[in-house]
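Have a look at the structure below before the remarks.
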Amino acid sequence: MIKENETFIAQYNKNKQDCDNAISSLSSKINECTSKISTLNEELKNLNKKDVSTKAAVDNINDILRNYGFMNFQIVSAKDENTYTLQRQNGSFIKDDLSEGEVTFITFLYYMQLVHGSLNDDGIQKEKVLVIDDPISSLDSNILFIVSSLIKEELKKLGDANNKIKQIIILTHNIYFYKEISFIDGRENTRNDLSYWIIRKEERTSSIQKYDKNPISSSYDLYWREIREHENEGKCNIYTQNIMRRIIEHYFKILGKYNDMALLDKFENPNEKIIARSLISWINDGSHSLPDDLFIEEPEQSTKNYFEIFKKIFEKTDQKSHYEMMMGVQN
């Protein structure tokens with residue numbers, strides 16, 4: 001059969017080879033053209049940055065939209081000078097069918113681009129003070145994170161001699177948004193260019209109070225603050241058991257997916273394992289049961305051992321760095 005169809009097989013192989021060569025050649029040309037388009041787009045963006053028109057801002061906003069997954073519309077320059085419009089993927093222009101959150105988000109993105117430029121040559125070189133008043137109204141949690149990230153990037157640049165933004169004033173009543181933007185880079189307590197204020201209203205009078213440090217902490221941070229204070233003072237109060245339980249429960253059981261037995265199995269020393277089992281029983285007893293009169297010794301006398309095992313739980317699970325960070329240990 002092979003001999004009888006040898007001519008057809010040879011012709012098929014020749015045609016296949018010709019098609020493969022053609023596909024390879026076209027693919028190479030497509031990649032070459034794609035690379036040229038990418039290079040030209042970058043050159044165009046760099047040239048637009050030197051212009052005072054809205055084109056540079058439009059390019060940057062579209063980059064942000066694409067990077068964060070907004071693919072159903074983009075911003076394009078309009079006919080009038082220094083104006084823009086929104087366009088769907090099919091080329092149709094958007095008039096009034098954007099949600100309130102999308103309108104707020106687009107407006108904020110344009111504002112963040114405009115603060116680094118101007119609609120005229122003189123404005124680009126001027127020093128600026130930004131006032132941002134609750135930009136997260138009507139936004140979902142994903143967009144809230146994007147807005148917070150963009151603002152934090154500007155906060156990190158404060159103090160740079162080449163930065164034209166000299167001060168940023170942020171106003172908000174949203175505690176989640178505040179938490180996102182106030183924890184900038186882990187060095188907030190060492191910076192002297194940040195200040196925190198809370199406005200309180202009692203009856204018909206408003207008052208403003210300044211804080212040296214960030215007045216808002218997460219509950220997890222507050223738990224560790226209690227542990228630090230108790231260990232430094234060598235004392236224990238009736239809440240220490242519950243605090244230790246919540247830290248272990250949050251960090252190891254919820255985030256780390258450990259259970260009690262998995263933590264106990266980390267201890268090879270039998271004596272330490274007994275104390276660790278006692279610690280887990282102690283913190284669960286102190287948080288889940290009613291107090292009684294069966295204590296013979298004061299809790300303070302055994303607290304030191306429990307603090308030591310509490311620390312070793314982090315060491316045995318290779319989480320020593322987290323323990324030292326939360327306890328403020330300087331290496």
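Nothing in this text is a laboratory measurement; each read-out follows from the coordinates by a stated rule. Predicted model only: the values in this text are computed from it and were never measured. Here Cβ is always computed from backbone atoms with ideal geometry, including for glycine, and neighbour counts include all displayed protein chains.
Quick check: pseudo-label points 7 Å beyond the Cα along Cα→Cβ at D265 and R200, how many nm apart are they?
Going from the D265 label point to the R200 one covers 5.1 nm.
Along the positive direction of the dipole of the stretch 146-223 (beta-carbon charges: Lys, Arg +1; Asp, Glu -1; about the Cα centre), which of I175, T205, S148 reaches farthest?
The one lying farthest along the dipole's positive direction is T205.
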